[in-house]
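Colleague: So that we are looking at the same thing, I have put the structure below in structure tokens.
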Amino acid sequence: MAGEICFAILTISDTCSQDTSKDRSGPRLVALIREAFQNAHILTAILPDEREQISDKLRQLVAQRNPSVSAIITTGGTGFAPRDVTPEATKFLLDKECPQLAQYIAQASLQKTKFAALTRGVCGIAGSTLILNFPGSEKAVTECFEVVRDLLPHALQLIGNELPLVRRVHAELQASVGNASTSGHVCPHQTGKGDDSDRNSPFPMISVVQALEVIFQTVQQQRAVAQLLNDFVAPVDIPPFRASIKDGYAMKSTGFSGTKKVLGYVSAGDEVIVHDLEEDECYKINTGAPVPHYADCIVQVEDTKLLKRKKTGEEDLVEILVEPQANLDIRPIGTDLRKGSKLFPSADHSAVVIKSILSSVGKHLTGVRKPKVGIISTGSELLAPSQPEAKGKIYDSNTTMLEELLQYFGFECAQKVVLSDDFEIVKGKIEELFKSVDFIICSGGVSMGDKDYIKPALQALGFTLNFGRVNMKPGKPMTFASKQDHYFFGLPGNPVSAFVTFHLFVLPAIRWFAGWERDKCELASLPITLQNESIALDPRPEYVRASVTSKNGRLYASVNGSQMSSRLQSIVGADVLVHLPGRTSDKPCAVAGDVYRASVLRYDFISKYE
Ligand SMILES: Nc1nc2c(c(=O)[nH]1)N[C@H]1C(S)=C(S)[C@@H](COP(=O)(O)OP(=O)(O)OC[C@H]3O[C@@H](n4cnc5c(N)ncnc54)[C@H](O)[C@@H]3O)O[C@H]1N2
Ligand code: MOO
Ligand SMILES: [Mg+2]
């Protein structure tokens, strides 16, 4: 730990302190810091919105030694609500306020949302610790961290006056941003001209978080589903009549137990009987059937005894064994859903939920346009699965995989095409396909080879190449381009790279376009304990495929077999993508017992229970 830079993340929220699983912004900050400062030591804590407790914790962190805490980032409690007291608890401790920094964060946030005007976070220095107050949402902490990320190394240098440490922080930051130009640091991902004089890729290597941010800012959301659903009100009551909850007998509660005459039978689907009935009369009734107008009580069949049948076989007399109670086992009109009330009191993106709720009131969904998606697979080596083997050729797995993935997540492939590695063919097909689709998911041809024509073809078509490299394994040459409302995903051709980048980038983009809430677009993720004895870490953050075992309420991940990006076998039995951090000199291996975040790949993501 000696020499490691130490951060503390404090989540401040009454809700999260009662149920720590609700904390999304704390774990997000940890992930962001891990990505930016790969060997940072990170402390975390969750506190309620209690001024004293927050101040005490801050004071304790500022005073801590071995390791001493270089920066504390708080998330939450910066708003206008009565219990929002984080800035007050922080100010109290500061030796120096840093209002410019707070203002800089606020300005950047205001460009994203006017609601940033409603946060009051402060920044300052206590002892030799920098303290930053961020708002409480996962989105806000992501945005705020992006703003301060490049300033942090220098700020910490100035505060701590610890040059060797800061130099290392700086170097790490540069390595993960992939920008070698500012510090003389030679980064393995350095950019170049990509031509004969400098054969390094001209595309800066951005982080996964940055790439996602670019995607969300570029892809225009169609109508937000949450808003659309919010406008639906129930056109009918459910139930539309007083309905029986039990199979039994409908009667007046003013009568007593004892013998009653059965006047007739009421089944689901019958109209309401409006004739009056006497206190010693009843109707036999089924669950879901309309209760006769003058009855106000159902006695279930188990609490009765049949005394006599008519010659025709129908029931004639029945003994009621319990005292009838008013309203017993009757569902009044509108119990389940009141006419005029909101059909969707909260947003829900499940097609199952949306379609079932709408059909329960005789409606279906209109006003939503599904994204139109085309798939292109490039490679002169590709054979369709139906073709016979041929020399130098391989079977195309990406087309099928991408189409199936789209379907698995509820989207459709409008058109698919396999192209040989030919600049004109690739360029022509992209142009043609974009006449009828919003998205193209392409695989292959995005790296450094002579036949990797995707980036030049997009440039020739006037597309903006929003990014062309991402610091991840697999998926490094991942490319995203856009032109007005057309979006192009250039996934690396290696099948596993295509698989991983689809889940991490394409799916969130398509969901966002389709109107999903930002937080729901990415795959669900959870902390998971590694079971493998030891896995050598790659310099790039790695997304390894793993199967999940549940043991005593805890989830364990096993990474099976080679994780090479060409080896599609690694998706067999893969329940999750475990996010392994990039290798550092302090942490060269991931070992059993380490806890990492994992993205859930499937609904049925637990393979084994022990
Ligand atoms: N000099 C460099 N070479 C490579 C780099 C680099 O940075 N510098 N990056 C490597 C990485 S990482 C990846 S990932 C791949 C990405 O390659 P491309 O996107 O250019 O894809 P291709 O060259 O077309 O194909 C790569 C590989 O994948 C196979 N493939 C392609 N499509 C399919 C398909 N539909 N089904 C099955 N297999 C497919 C293809 O045959 C190749 O073996 O580049 C590295 N190189
Ligand atoms: O990044 Mo590539 O996708 O390793 O194989
Ligand atoms: Mg290539």
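Colleague: How large is the charge dipole for the chain, taken about the Cα centre, if only the Cβ atoms of Lys, Arg (+1) and Asp, Glu (-1) carry charge, to the nearest 20 debye?
Modeller: Rounded to the nearest 20 debye, it is 920 debye.
Colleague: Here is a follow-up. Would you please give the FRET efficiency between LYS451 and LEU306, computed as 1/(1 + (r/R0)^6) with r the Cβ-Cβ distance and R0 = 51 Å, to the nearest 0.05?
Modeller: So the FRET efficiency works out to roughly 0.05.
Colleague: Where does each of PHE7, PHE463 land when they are ordered by accessible area, with a 1.4 Å probe and the largest first?
Modeller: Heavy-atom accessible area, descending, gives PHE463, PHE7.
Colleague: For ASP485 and THR254 in the same chain, what is the full-extension length gain: residue separation times 0.36 nm, less their Cα-Cα distance, in nm?
Modeller: Computed gain between ASP485 and THR254 is 76.3 nm.
Colleague: Have a look at the DSSP beta bridges in the chain and tell me what percent are antiparallel, nearest 5.
Modeller: 55
Colleague: Further question: Please name whichever of LEU433, GLN569, LEU530 sits farthest to the positive end of the charge dipole of the chain, dipole taken about the Cα centre and charges placed at Cβ: Lys and Arg +1, Asp and Glu -1.
Modeller: It is LEU433, whose Cα lies furthest towards the positive end.
Colleague: When only the heavy atoms of the protein chains count and the probe is 1.4 Å, how do GLU88, GLU533, GLU314, GLU424 rank by accessible area, highest first?
Modeller: GLU533, GLU424, GLU314, GLU88
Colleague: Quote the Stokes-Einstein diffusion coefficient, in whole µm² s⁻¹, for segment 5-165, based on the Kirkwood radius over alpha carbon pairs, a temperature of 10 °C and a viscosity of 1.306 mPa s.
Modeller: The calculation lands on 103 µm²/s.
Colleague: Could you please state, rounded to a whole Å, how far the C-alpha centre of segment 556-610 is from the C-alpha centre of segment 383-423?
Modeller: 26
Colleague: Right, here's the next one. Using a/c under 1.5 as the rounded threshold, could you call segment 546-608 rounded, prolate or oblate? The axes a ≥ b ≥ c are square roots of the C-alpha gyration tensor eigenvalues, and prolate needs a/b larger than b/c, oblate otherwise.
Modeller: Verdict is oblate for segment 546-608.
Colleague: What ranking of ASP396, ASP485 comes out by heavy-atom accessible area, probe 1.4 Å, highest first?
Modeller: Of ASP396, ASP485, the descending order of accessible area is ASP485, ASP396.
Colleague: If you don't mind, another one. Given R₀ = 35 Å, what would the calculated FRET efficiency be for LYS370 paired with THR335, taking r from the Cβ atoms and rounding to 0.05?
Modeller: 0.50
Colleague: Using a cut-off of 11 Å between beta-carbons, work out the net charge of the residues near GLY124 (Lys and Arg +1, Asp and Glu -1, GLY124 not included).
Modeller: Combined, the nearby Lys, Arg, Asp and Glu give 0.
Colleague: A further question on this structure: With +1 on the Cβ of every Lys and Arg and -1 on the Cβ of every Asp and Glu, and nothing else charged, how large is the dipole of segment 391-536 about its Cα centre, in debye rounded to the nearest 20?
Modeller: The dipole magnitude comes to about 260 debye.
Colleague: Going by the alpha-carbon gyration tensor, a ≥ b ≥ c the square roots of its eigenvalues, is segment 459-554 rounded (a/c under 1.5) or, if a/c is not under 1.5, prolate (a/b greater than b/c) versus oblate?
Modeller: Note, shape of segment 459-554 comes out oblate.
Colleague: Quick one: work out Rg over Rh on the C-alpha atoms of segment 90-131, Rh as Kirkwood radius.
Modeller: Here Rg/Rh amounts to 1.05.
Colleague: I would also like to ask the following. Rounded to a whole number of µm²/s, how large is the Stokes-Einstein D of segment 498-610 at 4 °C and 1.567 mPa s, given Rh as the Kirkwood radius over C-alpha pairs?
Modeller: 88
Colleague: What is the dipole size for segment 525-609, taken about its Cα centre, with +1 at each Lys and Arg Cβ and -1 at each Asp and Glu Cβ, in debye to the nearest 20?
Modeller: 120
Colleague: Which residues' amide hydrogens lie under 5 Å from the amide hydrogen of ARG583, considering only partners 5 or more residues apart or on another chain, with H built in the peptide plane?
Modeller: ASP538, ARG540
Colleague: Evaluate the relative contact order of the chain (contact order divided by residue number), counting alpha-carbon pairs under 8 angstrom at least 6 apart; express in whole percent.
Modeller: The normalised contact order for the chain reaches 10 percent.
Colleague: Once you have a ≥ b ≥ c as the square roots of the Cα gyration tensor eigenvalues for segment 243-321, tell me rounded if a/c is under 1.5, and otherwise prolate or oblate according to whether a/b is larger than b/c.
Modeller: In terms of gyration-tensor shape, rounded.
Colleague: Near ARG83, within a Cβ-to-Cβ distance under 15 Å, what is the net charge of the other residues, with Lys and Arg +1 and Asp and Glu -1?
Modeller: Once positives and negatives cancel, what remains is -4.
Colleague: Same structure again: Straight-line reach only, C-alpha to C-alpha below 17 angstrom: list the lysines that LYS393 could link to, leaving out same-chain residues fewer than 8 apart.
Modeller: Reachable lysines: LYS451.
Colleague: Could I ask something else about it? Just from its helices, what would the mean residue ellipticity at 222 nm be for the chain, if runs of 4 or more DSSP H residues each count -39500 (n - 2.57) and the sum is divided by every residue, rounded to the nearest 500 deg cm²/dmol?
Modeller: Here the helix-only value at 222 nm equals -7500 deg cm²/dmol.
Colleague: Over segment 228-325, average the accessible area per residue using a 1.4 Å probe and give it in Å², no decimals.
Modeller: Per-residue accessible area for segment 228-325 comes out at 52 Å².
Colleague: Which of the trypsin sites (Lys or Arg not before Pro) across segment 201-284 are loop residues per DSSP, with 15 or fewer other Cβ within 10 Å?
Modeller: ARG223
Colleague: Something else now. Looking at segment 5-165 only, what percent of DSSP beta bridges run antiparallel? Nearest 5 please.
Modeller: Just about 25 percent of them are antiparallel.
Colleague: If you don't mind, another one. May I ask for the Kirkwood hydrodynamic radius of the chain, worked out over all distinct Cα pairs and given in angstroms to one decimal?
Modeller: 28.5
Colleague: Expressed as a whole percentage, what fraction of the accessible surface of the chain belongs to carbon and sulfur atoms when a 1.4 Å probe is rolled over the protein heavy atoms?
Modeller: Carbon plus sulfur share of accessible area: 51 percent.
Colleague: Then there is this: Using a 1.4 Å probe, how large is the accessible area of ILE535, given in Å² and rounded to the nearest 10?
Modeller: Ignoring ligands and nucleic acids, ILE535 comes out at about 30 Å².
Colleague: Return one number: the angle in degrees, 0 to 90 and rounded to the nearest 10, between the long axis of the Cα atoms of helix 99-110 and the longest principal axis of the Cα atoms of the chain.
Modeller: That helix lies at roughly 60 degrees to the long axis.
Colleague: Using alpha carbons only, how many angstrom separate the centre of segment 511-536 from the centre of segment 16-63?
Modeller: Each part reduced to its Cα centre gives a spacing of 20 Å.
The values are calculated or read from the model by the stated rules, or taken from the named source; none is laboratory data. Keep in mind it's a predicted model, so treat the numbers as computed, not measured. A quick note on method: Cβ atoms are made from the backbone with ideal geometry, for glycine too, and the neighbour counts reach across all protein chains shown. Just the protein is used for accessible areas: all its heavy atoms, side chains included, with ligands, DNA and RNA removed. Shrake-Rupley method; radii C 1.70, N 1.55, O 1.52, S 1.80 Å.
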